[in-house]
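Report on the following structure.
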Amino acid sequence: MTTVALLGFGRFGAAIASLLRDADIDVRAFDFRSPVPDEMRADSLPDLVRGRDVVVVAVPVTAMRGAFESMRPLLSPSQIVVDVGSVKLGPSAAMAQVFGAEIPWVATHPMFGPISLSRGERPLVAVVCPSEAHPRAVERVVRLYERIGCTVVLEDEATHDRGMAWTHALAFFVAKGMLDAGAPLDIPYAPPSFQALARTVEAARSDAGHLYAALHRENPYAAEARRKLLEALLAADHNLSGTDGPPPPSSSLILLPSKGGPEALRETRELIDELDRELVDLLGRRAQLARRAAREKARLGRPVRDPEREAELFAARMRWAAELGLDPASVHDIFDAILQFSRRLQHESPAGEAG
Ligand SMILES: O=C(O)C(=O)C[C@]1(C(=O)O)C=C[C@@H](O)C=C1
(Lines give C-alpha, C1' and ligand atoms only; values in the text may rest on other atoms or scores of the structure.)
Protein backbone atom coordinates (compact mmCIF):
# COMPACT_ATOMS: atom_id res chain seq x y z
CA MET A 1 0.00 0.00 0.00
CA THR A 2 1.58 3.29 -1.13
CA THR A 3 1.82 6.09 1.41
CA VAL A 4 2.15 9.69 0.26
CA ALA A 5 3.73 12.79 1.78
CA LEU A 6 2.41 15.99 0.26
CA LEU A 7 4.53 19.11 0.56
CA GLY A 8 2.38 22.15 -0.24
CA PHE A 9 -1.27 22.43 0.67
CA GLY A 10 -2.30 25.32 -1.52
CA ARG A 11 -5.34 25.04 -3.77
CA PHE A 12 -3.73 22.40 -5.97
CA GLY A 13 -2.19 20.49 -3.05
CA ALA A 14 -5.58 20.32 -1.33
CA ALA A 15 -7.25 19.14 -4.54
CA ILE A 16 -4.75 16.34 -5.17
CA ALA A 17 -4.93 15.32 -1.50
CA SER A 18 -8.65 14.73 -1.81
CA LEU A 19 -8.16 12.69 -5.01
CA LEU A 20 -5.57 10.54 -3.25
CA ARG A 21 -7.79 10.07 -0.21
CA ASP A 22 -10.77 9.19 -2.40
CA ALA A 23 -8.61 6.34 -3.74
CA ASP A 24 -7.92 5.20 -0.14
CA ILE A 25 -4.32 6.32 -0.23
CA ASP A 26 -2.81 7.34 3.08
CA VAL A 27 -1.79 11.02 2.76
CA ARG A 28 0.15 13.20 5.17
CA ALA A 29 0.57 16.87 4.28
CA PHE A 30 2.63 19.85 5.34
CA ASP A 31 2.65 23.48 4.37
CA PHE A 32 4.58 26.38 5.89
CA ARG A 33 1.64 28.77 5.37
CA SER A 34 -1.65 27.14 4.36
CA PRO A 35 -3.58 25.28 7.07
CA VAL A 36 -3.78 21.49 6.72
CA PRO A 37 -6.72 19.52 8.20
CA ASP A 38 -5.74 17.80 11.48
CA GLU A 39 -6.27 14.25 10.19
CA MET A 40 -3.46 14.58 7.65
CA ARG A 41 -1.25 17.28 9.13
CA ALA A 42 2.47 16.64 9.63
CA ASP A 43 4.25 18.91 12.12
CA SER A 44 7.44 19.50 10.19
CA LEU A 45 9.27 18.53 7.02
CA PRO A 46 11.09 15.60 8.74
CA ASP A 47 7.78 14.44 10.19
CA LEU A 48 6.20 14.72 6.74
CA VAL A 49 8.64 12.60 4.75
CA ARG A 50 9.54 10.02 7.42
CA GLY A 51 8.70 6.51 6.20
CA ARG A 52 6.61 7.70 3.23
CA ASP A 53 6.86 5.85 -0.09
CA VAL A 54 6.19 8.84 -2.33
CA VAL A 55 6.87 12.51 -1.60
CA VAL A 56 4.73 14.78 -3.81
CA VAL A 57 6.08 18.32 -4.11
CA ALA A 58 3.21 20.73 -4.81
CA VAL A 59 4.88 24.07 -4.12
CA PRO A 60 5.22 26.93 -6.67
CA VAL A 61 7.76 26.07 -9.36
CA THR A 62 10.08 28.85 -8.20
CA ALA A 63 10.19 27.33 -4.69
CA MET A 64 10.88 23.79 -5.86
CA ARG A 65 14.66 23.74 -5.85
CA GLY A 66 14.69 25.03 -2.27
CA ALA A 67 12.15 22.37 -1.27
CA PHE A 68 14.24 19.61 -2.91
CA GLU A 69 17.38 20.82 -1.16
CA SER A 70 15.66 20.94 2.25
CA MET A 71 14.29 17.41 1.95
CA ARG A 72 17.38 15.82 0.40
CA PRO A 73 19.08 14.94 3.74
CA LEU A 74 15.83 13.46 5.04
CA LEU A 75 15.30 10.99 2.18
CA SER A 76 16.44 7.45 1.48
CA PRO A 77 16.78 5.58 -1.86
CA SER A 78 13.59 3.61 -1.16
CA GLN A 79 11.50 6.77 -1.48
CA ILE A 80 10.39 8.56 -4.64
CA VAL A 81 10.11 12.33 -5.08
CA VAL A 82 7.44 13.51 -7.55
CA ASP A 83 6.93 17.10 -8.62
CA VAL A 84 3.61 18.32 -10.02
CA GLY A 85 4.69 21.65 -11.54
CA SER A 86 3.20 23.10 -14.72
CA VAL A 87 6.59 23.22 -16.46
CA LYS A 88 8.96 20.31 -16.63
CA LEU A 89 12.45 21.24 -17.88
CA GLY A 90 13.31 23.36 -14.82
CA PRO A 91 12.03 21.05 -12.06
CA SER A 92 13.52 18.01 -13.83
CA ALA A 93 16.94 19.66 -14.04
CA ALA A 94 16.72 20.67 -10.37
CA MET A 95 15.80 17.14 -9.29
CA ALA A 96 18.58 15.64 -11.41
CA GLN A 97 20.99 17.98 -9.68
CA VAL A 98 19.74 17.60 -6.12
CA PHE A 99 18.72 13.90 -6.10
CA GLY A 100 20.77 12.57 -9.04
CA ALA A 101 20.97 8.80 -9.28
CA GLU A 102 20.65 8.27 -5.52
CA ILE A 103 17.10 9.29 -4.69
CA PRO A 104 14.53 8.24 -7.29
CA TRP A 105 12.62 11.21 -8.71
CA VAL A 106 9.96 11.64 -11.37
CA ALA A 107 8.78 14.83 -13.09
CA THR A 108 5.03 14.96 -13.71
CA HIS A 109 2.28 17.41 -14.60
CA PRO A 110 -1.31 16.63 -13.70
CA MET A 111 -3.37 18.39 -16.38
CA PHE A 112 -6.15 19.33 -13.99
CA GLY A 113 -6.58 21.83 -11.23
CA PRO A 114 -8.94 22.62 -8.39
CA ILE A 115 -11.49 24.24 -10.71
CA SER A 116 -11.67 21.37 -13.19
CA LEU A 117 -11.83 18.89 -10.30
CA SER A 118 -14.63 20.76 -8.60
CA ARG A 119 -16.54 20.71 -11.88
CA GLY A 120 -16.02 16.95 -12.07
CA GLU A 121 -14.35 17.23 -15.48
CA ARG A 122 -13.11 13.96 -16.92
CA PRO A 123 -10.92 12.34 -18.14
CA LEU A 124 -8.13 13.30 -15.78
CA VAL A 125 -4.82 13.27 -17.61
CA ALA A 126 -1.34 13.32 -16.10
CA VAL A 127 1.88 13.80 -18.05
CA VAL A 128 4.77 11.77 -16.68
CA CYS A 129 8.31 12.34 -17.98
CA PRO A 130 10.16 9.06 -18.43
CA SER A 131 13.45 9.38 -16.57
CA GLU A 132 16.25 7.12 -17.74
CA ALA A 133 17.87 7.27 -14.33
CA HIS A 134 14.84 5.89 -12.48
CA PRO A 135 12.66 3.71 -14.76
CA ARG A 136 11.18 1.70 -11.88
CA ALA A 137 10.15 4.86 -10.06
CA VAL A 138 8.45 6.02 -13.25
CA GLU A 139 6.45 2.77 -13.38
CA ARG A 140 5.35 3.16 -9.77
CA VAL A 141 4.30 6.77 -10.27
CA VAL A 142 2.34 5.84 -13.41
CA ARG A 143 0.49 3.22 -11.34
CA LEU A 144 -0.20 5.78 -8.61
CA TYR A 145 -1.71 8.22 -11.12
CA GLU A 146 -3.79 5.42 -12.64
CA ARG A 147 -5.04 4.49 -9.22
CA ILE A 148 -6.45 7.98 -8.67
CA GLY A 149 -8.25 7.76 -12.01
CA CYS A 150 -5.78 9.41 -14.40
CA THR A 151 -4.90 8.53 -17.94
CA VAL A 152 -1.13 8.82 -18.15
CA VAL A 153 0.72 10.32 -21.09
CA LEU A 154 4.48 9.72 -21.22
CA GLU A 155 6.29 12.69 -22.71
CA ASP A 156 9.78 14.18 -22.46
CA GLU A 157 10.22 17.51 -20.69
CA ALA A 158 11.02 19.65 -23.75
CA THR A 159 8.03 18.36 -25.75
CA HIS A 160 5.81 18.96 -22.74
CA ASP A 161 7.05 22.53 -22.20
CA ARG A 162 6.76 23.40 -25.88
CA GLY A 163 3.20 22.10 -25.97
CA MET A 164 2.31 23.97 -22.79
CA ALA A 165 3.80 27.23 -24.12
CA TRP A 166 1.36 27.12 -27.03
CA THR A 167 -1.68 25.97 -25.07
CA HIS A 168 -1.76 26.47 -21.30
CA ALA A 169 0.51 29.54 -21.25
CA LEU A 170 -1.10 31.30 -24.24
CA ALA A 171 -4.63 30.56 -22.98
CA PHE A 172 -3.78 32.26 -19.67
CA PHE A 173 -2.04 35.09 -21.52
CA VAL A 174 -5.15 35.82 -23.59
CA ALA A 175 -7.38 35.49 -20.52
CA LYS A 176 -5.20 37.89 -18.54
CA GLY A 177 -5.22 40.32 -21.46
CA MET A 178 -9.02 40.30 -21.48
CA LEU A 179 -9.17 40.82 -17.71
CA ASP A 180 -6.63 43.65 -17.77
CA ALA A 181 -8.33 45.29 -20.76
CA GLY A 182 -11.52 45.45 -18.71
CA ALA A 183 -13.61 43.14 -20.89
CA PRO A 184 -17.06 42.74 -19.25
CA LEU A 185 -16.97 39.01 -18.65
CA ASP A 186 -20.16 38.52 -16.68
CA ILE A 187 -22.67 39.44 -19.37
CA PRO A 188 -25.50 36.97 -18.66
CA TYR A 189 -26.32 36.43 -22.36
CA ALA A 190 -22.68 35.89 -23.48
CA PRO A 191 -22.79 33.54 -26.46
CA PRO A 192 -21.81 29.86 -26.19
CA SER A 193 -18.70 30.59 -28.27
CA PHE A 194 -17.42 32.54 -25.26
CA GLN A 195 -18.03 29.83 -22.64
CA ALA A 196 -14.76 27.95 -23.16
CA LEU A 197 -12.82 31.20 -22.95
CA ALA A 198 -14.82 32.24 -19.89
CA ARG A 199 -13.58 29.13 -18.07
CA THR A 200 -9.98 30.06 -18.79
CA VAL A 201 -10.66 33.61 -17.63
CA GLU A 202 -12.13 32.21 -14.41
CA ALA A 203 -9.02 30.09 -13.87
CA ALA A 204 -6.77 33.11 -14.54
CA ARG A 205 -8.82 35.22 -12.13
CA SER A 206 -8.58 32.70 -9.31
CA ASP A 207 -4.81 32.22 -9.70
CA ALA A 208 -2.79 34.08 -7.10
CA GLY A 209 -0.18 34.74 -9.77
CA HIS A 210 2.10 31.74 -9.12
CA LEU A 211 0.68 29.66 -11.93
CA TYR A 212 0.70 32.53 -14.43
CA ALA A 213 4.29 33.42 -13.54
CA ALA A 214 5.44 29.80 -13.74
CA LEU A 215 3.69 29.17 -17.05
CA HIS A 216 5.49 32.11 -18.63
CA ARG A 217 8.71 32.77 -16.74
CA GLU A 218 9.71 29.17 -16.11
CA ASN A 219 8.81 27.83 -19.56
CA PRO A 220 11.67 28.50 -22.00
CA TYR A 221 9.30 28.35 -25.00
CA ALA A 222 6.65 30.74 -23.70
CA ALA A 223 8.26 34.03 -24.81
CA GLU A 224 8.45 32.91 -28.43
CA ALA A 225 4.84 31.69 -28.38
CA ARG A 226 3.71 35.06 -26.97
CA ARG A 227 5.70 36.98 -29.58
CA LYS A 228 4.24 34.97 -32.45
CA LEU A 229 0.72 35.35 -31.07
CA LEU A 230 1.16 39.13 -30.71
CA GLU A 231 2.50 39.40 -34.26
CA ALA A 232 -0.45 37.44 -35.59
CA LEU A 233 -2.92 39.55 -33.59
CA LEU A 234 -1.39 42.83 -34.78
CA ALA A 235 -1.50 41.62 -38.38
CA ALA A 236 -5.12 40.53 -37.93
CA ASP A 237 -5.92 43.90 -36.35
CA HIS A 238 -4.32 45.72 -39.27
CA ASN A 239 -6.34 43.69 -41.75
CA LEU A 240 -9.54 44.53 -39.91
CA SER A 241 -8.71 48.21 -39.55
CA GLY A 242 -8.76 48.86 -43.30
CA THR A 243 -5.84 49.50 -45.61
CA ASP A 244 -5.79 53.30 -45.69
CA GLY A 245 -2.76 55.19 -44.45
CA PRO A 246 0.84 54.10 -44.11
CA PRO A 247 1.54 50.39 -43.62
CA PRO A 248 1.83 49.24 -39.99
CA PRO A 249 5.32 48.63 -38.63
CA SER A 250 6.54 45.28 -39.88
CA SER A 251 5.59 42.50 -37.51
CA SER A 252 9.26 41.67 -37.13
CA LEU A 253 9.76 45.09 -35.58
CA ILE A 254 7.48 44.30 -32.67
CA LEU A 255 10.13 43.87 -30.07
CA LEU A 256 9.01 42.33 -26.83
CA PRO A 257 11.00 43.21 -23.70
CA SER A 258 14.29 41.40 -23.91
CA LYS A 259 15.79 39.51 -20.99
CA GLY A 260 19.25 40.60 -22.08
CA GLY A 261 22.38 38.49 -22.34
CA PRO A 262 23.70 36.22 -25.11
CA GLU A 263 20.34 34.51 -25.56
CA ALA A 264 18.68 37.85 -26.36
CA LEU A 265 21.44 38.72 -28.85
CA ARG A 266 21.04 35.36 -30.59
CA GLU A 267 17.26 35.85 -30.79
CA THR A 268 17.69 39.40 -32.10
CA ARG A 269 20.06 38.20 -34.82
CA GLU A 270 17.58 35.52 -35.86
CA LEU A 271 14.92 38.24 -36.24
CA ILE A 272 17.33 40.35 -38.31
CA ASP A 273 18.06 37.33 -40.55
CA GLU A 274 14.33 36.75 -41.02
CA LEU A 275 13.78 40.38 -41.93
CA ASP A 276 16.75 40.54 -44.34
CA ARG A 277 15.43 37.44 -46.06
CA GLU A 278 12.19 39.34 -46.68
CA LEU A 279 14.19 42.33 -47.95
CA VAL A 280 16.07 40.17 -50.47
CA ASP A 281 12.76 38.61 -51.59
CA LEU A 282 11.38 42.11 -52.10
CA LEU A 283 14.47 43.15 -54.09
CA GLY A 284 13.89 40.15 -56.35
CA ARG A 285 10.28 41.16 -56.92
CA ARG A 286 11.30 44.76 -57.56
CA ALA A 287 13.90 43.58 -60.11
CA GLN A 288 11.16 41.75 -62.05
CA LEU A 289 9.08 44.92 -62.19
CA ALA A 290 12.08 46.99 -63.30
CA ARG A 291 12.68 44.55 -66.19
CA ARG A 292 9.04 44.84 -67.15
CA ALA A 293 9.25 48.67 -67.09
CA ALA A 294 12.32 48.42 -69.35
CA ARG A 295 10.41 46.31 -71.88
CA GLU A 296 7.45 48.71 -71.88
CA LYS A 297 9.78 51.68 -72.37
CA ALA A 298 11.61 49.93 -75.20
CA ARG A 299 8.27 49.42 -76.94
CA LEU A 300 7.48 53.10 -76.47
CA GLY A 301 10.93 54.08 -77.69
CA ARG A 302 11.91 55.71 -74.38
CA PRO A 303 15.35 55.56 -72.72
CA VAL A 304 15.94 53.44 -69.64
CA ARG A 305 16.68 56.35 -67.36
CA ASP A 306 13.77 58.61 -66.47
CA PRO A 307 15.05 61.50 -64.27
CA GLU A 308 11.56 62.88 -63.68
CA ARG A 309 10.25 59.55 -62.37
CA GLU A 310 13.38 59.12 -60.26
CA ALA A 311 12.93 62.55 -58.66
CA GLU A 312 9.32 61.70 -57.73
CA LEU A 313 10.40 58.31 -56.49
CA PHE A 314 13.09 59.72 -54.17
CA ALA A 315 10.75 62.42 -52.85
CA ALA A 316 8.03 59.89 -51.95
CA ARG A 317 10.46 57.47 -50.23
CA MET A 318 12.02 60.29 -48.19
CA ARG A 319 8.55 61.41 -47.12
CA TRP A 320 7.64 57.84 -46.05
CA ALA A 321 10.91 57.64 -44.13
CA ALA A 322 10.11 60.87 -42.26
CA GLU A 323 6.64 59.52 -41.38
CA LEU A 324 8.26 56.48 -39.73
CA GLY A 325 10.87 58.55 -37.91
CA LEU A 326 13.72 57.33 -40.13
CA ASP A 327 16.43 59.64 -41.49
CA PRO A 328 15.26 60.67 -45.03
CA ALA A 329 18.85 61.18 -46.30
CA SER A 330 19.83 57.63 -45.30
CA VAL A 331 16.76 56.21 -46.99
CA HIS A 332 17.66 58.32 -50.09
CA ASP A 333 21.10 56.65 -50.15
CA ILE A 334 19.55 53.19 -49.93
CA PHE A 335 17.24 53.93 -52.88
CA ASP A 336 20.16 55.38 -54.79
CA ALA A 337 21.79 51.95 -54.56
CA ILE A 338 18.54 50.22 -55.47
CA LEU A 339 18.12 52.37 -58.58
CA GLN A 340 21.69 51.71 -59.71
CA PHE A 341 20.93 48.00 -59.35
CA SER A 342 17.66 48.47 -61.24
CA ARG A 343 19.21 50.39 -64.15
CA ARG A 344 22.00 47.84 -64.47
CA LEU A 345 19.44 45.03 -64.72
CA GLN A 346 17.45 47.00 -67.27
CA HIS A 347 20.49 47.47 -69.47
CA GLU A 348 21.38 43.80 -69.18
CA SER A 349 17.95 42.35 -69.89
CA PRO A 350 17.12 42.06 -73.61
CA ALA A 351 13.94 44.01 -74.34
CA GLY A 352 11.81 40.97 -75.08
CA GLU A 353 12.91 38.77 -72.18
CA ALA A 354 10.13 37.62 -69.88
CA GLY A 355 10.52 38.27 -66.21
O1 LIG B 1 9.88 53.58 -63.70
C2 LIG B 1 10.67 53.36 -64.62
O3 LIG B 1 10.67 53.97 -65.69
C4 LIG B 1 11.70 52.33 -64.43
O5 LIG B 1 12.36 51.98 -65.38
C6 LIG B 1 11.96 51.79 -63.08
C7 LIG B 1 13.01 52.56 -62.33
C8 LIG B 1 13.05 51.95 -60.92
O9 LIG B 1 13.80 50.99 -60.69
O10 LIG B 1 12.23 52.32 -60.06
C11 LIG B 1 14.31 52.42 -62.99
C12 LIG B 1 14.88 53.37 -63.79
C13 LIG B 1 14.26 54.67 -64.02
O14 LIG B 1 15.17 55.73 -64.13
C15 LIG B 1 13.17 54.93 -63.05
C16 LIG B 1 12.64 53.99 -62.25
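Brief remarks on what is shown
- Antiparallel bridges, percent of DSSP beta bridges restricted to the chain (to nearest 5): 10
- For the chain, with +1 on Lys and Arg beta carbons and -1 on Asp and Glu, the positive-most of P123, L345, P192 along the dipole: L345
- Spin-label model distance (nm) - L313 vs T3, 7 Å beyond Cα toward Cβ: 8.4
- Relative to the longest principal axis of the Cα atoms of the chain, helix 328-348 runs at roughly 60 degrees.
- Per-residue SASA entry for E155, accessible area with 1.4 Å probe, Å² rounded to 10: 60
- Carbon + sulfur, % of accessible area of the chain - ligands and nucleic acids excluded, 1.4 Å: 57
- The residues of region 12-52 expose on average 54 square angstrom of accessible surface per residue, using a 1.4 Å probe on protein heavy atoms.
- Whether region 273-355 is rounded, prolate or oblate, judged on the alpha carbon gyration tensor where a/c under 1.5 counts as rounded: oblate
- Relative to the longest principal axis of the Cα atoms of the chain, helix 89-98 runs at roughly 50 degrees.
- Against the criterion of solvent-accessible heavy-atom surface with a 1.4 angstrom probe, K88, K228 sort, most first, into K228, K88.
- In terms of its C-alpha gyration tensor, region 161-240 has an oblate overall shape, because the principal axis ratio a/c (a ≥ b ≥ c, square roots of the eigenvalues) is not below 1.5 and a/b does not outweigh b/c.
- Gaussian network model of the chain, Cα within-10 Å springs - most flexible of R205, R28, R343: R343
- Taking 7 Å steps out from each Cα toward its Cβ at E146 and L230 produces label points 4.5 nm apart.
- As a calculated quantity, the FRET efficiency between L289 and A264 at R0 = 45 Å, using C-beta atoms, amounts to about 0.75.
- Residue with peak Gaussian network fluctuation, the chain [Cα springs, cutoff 10 Å], from A329, A236, A133: A329
- Whole-number accessible area per residue in Å² for region 161-240, which is evaluated in the context of all protein chains at 1.4 Å: 60
- Gaussian network model of the chain, Cα within-10 Å springs - most flexible of R147, R292, R217: R292
- Binning the C-alpha pair distances of the chain at 20 Å intervals from 0 yields a P(r) profile of 23, 39, 22, 14, 2 %, listed from the shortest bin outward.
- Computed magnitude of the charge dipole of region 286-348 (debye, nearest 20; Cβ of K, R +1, Cβ of D, E -1): 520
- Helix 222-240 axis versus longest C-alpha principal axis of the chain: approximately 50°, rounded to the nearest ten.
The values are calculated or read from the model by the stated rules, or taken from the named source; none is laboratory data. Everything numeric here is computed off the predicted structure, so don't read it as measured data. Neighbour counts run over all protein chains shown; Cβ positions are idealised from the backbone, glycine included. For accessibility, only protein heavy atoms count, side chains too; no ligands or nucleic acids. Shrake-Rupley method; radii C 1.70, N 1.55, O 1.52, S 1.80 Å.
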